[in-house]
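Quick note: the coordinates plus some simple rules give every number you see, no bench work behind them. Everything numeric here is computed off the predicted structure, so don't read it as measured data. Glycine gets a Cβ as well: all are built from the backbone with ideal geometry, and neighbour counts include every protein chain shown.
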Amino acid sequence: MKRIAIIGSGGSGKSTLATRLGELLKIDVYHLDSLFWKPGWVGTSKEEQSSLQHELVFQEEWIMDGNYGGTMDIRLQKADTIIFLDIPRSTCIYRVIKRRLQYHNKTRPDMGEGCEERLNLEFLKWIWKYPIEKKPGILARLEKEKDKKVIILASPHEVERFLSHLEDYVDGN
């Protein structure tokens, strides 16, 4: 596990998992939200996103979290490990509401500077529809990744168990 792509719905825990994996494996973490959002929630162009990811994926080791479907193939093609957080949508909704309250008038550590936490109905709808509209395409895409380690974690408990097993493995070496 040297090039790890983490994908999943908003609120699934991508950034948290990426941070914890980075600390555990001593690998640089790139939160795509922090790279692709400029102050005031100004998004970067798809060309900028693509260019930056093409640079990052050729590094020897990396962890990247984020969906960005238009550029996802860049990460998935170069990753040796893909983690899909298939967390129940009710958990994801709860987490984004909790996150909104926790970071009210603040910028999350995994977000671009000057992008204070926000929440809107459109984002909540996207999360709610994710299992129906996005998940089937992601699973079909992951099915094609025969030469990579694909890990699907379907609950917070499975995420914790995965991290615990990985920690045991790292500590044993």
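At-a-glance table
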read-out: DSSP-assigned coil residues among chymotrypsin sites (Phe, Trp or Tyr not before Pro) in region 1-62, each with at most 13 further Cβ atoms within 10 Å; value: TRP41, PHE58
read-out: Share antiparallel - DSSP beta bridges, the chain, percent rounded to 5; value: 10
read-out: Cross-link pairs LYS2/LYS26; LYS14/LYS149; LYS2/LYS78; LYS78/LYS125; LYS2/LYS106 - those with Cα-Cα distance over 21 Å; value: LYS78/LYS125; LYS2/LYS106
read-out: Built amide H within the under 5 Å cut-off of TYR30, gap 5+; value: ILE63, MET64, ASP65
read-out: Helix-only CD estimate at 222 nm, as mean residue ellipticity for the chain, using -39500 (n - 2.57) per DSSP H run (n ≥ 4); value: -15500 deg cm²/dmol
read-out: Residue-by-residue Karplus 3J(HN,Hα) for region 62-76, coefficients 6.51, -1.76, 1.60, Hz, glycine and proline x; value: 6, 10, 10, 10, x, 8, 6, x, x, 10, 4, 4, 4, 6, 5
read-out: Loop sites in region 6-63: GluC sites (Glu not before Pro), DSSP, at most 12 other Cβ within 10 Å; value: GLU60
read-out: Net charge of neighbours whose Cβ lies under 11 Å from the Cβ of SER9, counting Lys and Arg as +1 and Asp and Glu as -1; value: +4
read-out: From the C-alpha gyration tensor of the chain, square roots of 5λ in Å; value: 23, 19, 18
read-out: Stretchable slack from ILE97 to ALA140, in nm (0.36 nm times residue separation minus alpha-carbon distance); value: 12.5 nm
read-out: Longest exposed-site-free window of the chain, the sites being trypsin sites (Lys or Arg not before Pro) in a DSSP loop that have at most 14 other C-beta atoms within 10 Å; value: 27-105
read-out: Environment charge at SER50 (Cβ cut-off 12 Å; Lys +1, Arg +1, Asp -1, Glu -1); value: -2
